[in-house]
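**Student:** Just passing along the structure, written as structure tokens.
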Amino acid sequence: MSATMKDVARLAGVSTSTVSRVLANHPAISAETASRVRLAMQQLNYQPNQIARSLSNRATHTIALIMPDPANYPLMNPFFVNAIRGVSTYARKHQYYLLLTYPENHNELDLITDLIGSRRVDGVILTTVKKDDTATAQLEQAQLPYVVIGHPYHDEKARFAKKPGGAGEAAHPVDKQTLISSLNKSGKKRILAK
């Protein structure tokens, strides 16, 4: 049976509300008390219940990474594999989980509507860019944070990541030599490539 917050509180000699405050990094908790609670958590191998935490703080600590239609074999494309790896590594480093998903029947709006309505995620990363994309408008209207890989057409509010060389091109695979050549042309000379 897994340890509970009550077990941690008992071992640390504090109340369950103090354990909760330590988990939330509340400034009113002394460093000594926080250390004692974290030691008890470690000794008991305590894992906070993420569902209960998301109900109390209204955050899921989950980011949706929306992939292209699997019929296009995005997992065979090194661009998408590297995007998944990079986003996953960054998310875990910041205590977030990654929800890897894709729109069924090319219906991205239904997927985004579901993600917004269910409050399943705290943010969205779109891996494809489309001209006159209504997905970004829908995310903006819902005030759900999002990032677009590639340059979003006519969307000054979007945060985006793109490869050097032009708008919208990051949605397509880029081989290493093309990327290095593009960086060289833009004046970058010291490039580390594996």
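The values are calculated or read from the model by the stated rules, or taken from the named source; none is laboratory data. What you see is a predicted model, and the numbers here were worked out from it, not measured in a lab. A quick note on method: Cβ atoms are made from the backbone with ideal geometry, for glycine too, and the neighbour counts reach across all protein chains shown. When the accessible area is computed, the model is the full protein with side chains, heavy atoms only, and any ligands, DNA or RNA have been set aside. Shrake-Rupley method; radii C 1.70, N 1.55, O 1.52, S 1.80 Å.
**Student:** I'd like the accessible area for S118, computed on protein heavy atoms only with a 1.4 Å probe and all protein chains in place. Round to 10 Å², please.
**Tutor:** Rounded to the nearest 10, the figure is 50 Å².
**Student:** Counting only heavy atoms of the protein chains, get the accessible area per residue of the stretch 1-100 (1.4 Å probe) and round it to a whole Å² value.
**Tutor:** Result: 67 Å² of accessible area for each residue.
**Student:** Between rounded, prolate and oblate, where does the stretch 1-53 land on the alpha carbon gyration tensor, with a ≥ b ≥ c its root eigenvalues, rounded for a/c under 1.5, else prolate if a/b exceeds b/c?
**Tutor:** oblate
**Student:** In what sequence, highest mean first, do 30-40, 59-69 appear when ranked by Cβ atoms within 10 angstrom?
**Tutor:** Result, highest mean Cβ count within 10 Å first: 59-69, 30-40.
**Student:** Here is a further query. Kirkwood-based Rg over Rh for the stretch 98-147 (C-alpha set), two decimals?
**Tutor:** Ratio of gyration radius to Kirkwood radius for the stretch 98-147: 0.90.
**Student:** While we're here: Taking the Cβ-Cβ separation of N105 and R58 as r and a Förster radius of 22 Å, what is the calculated FRET efficiency to the nearest 0.05?
**Tutor:** For R0 = 22 Å, the calculated efficiency reads 0.10.
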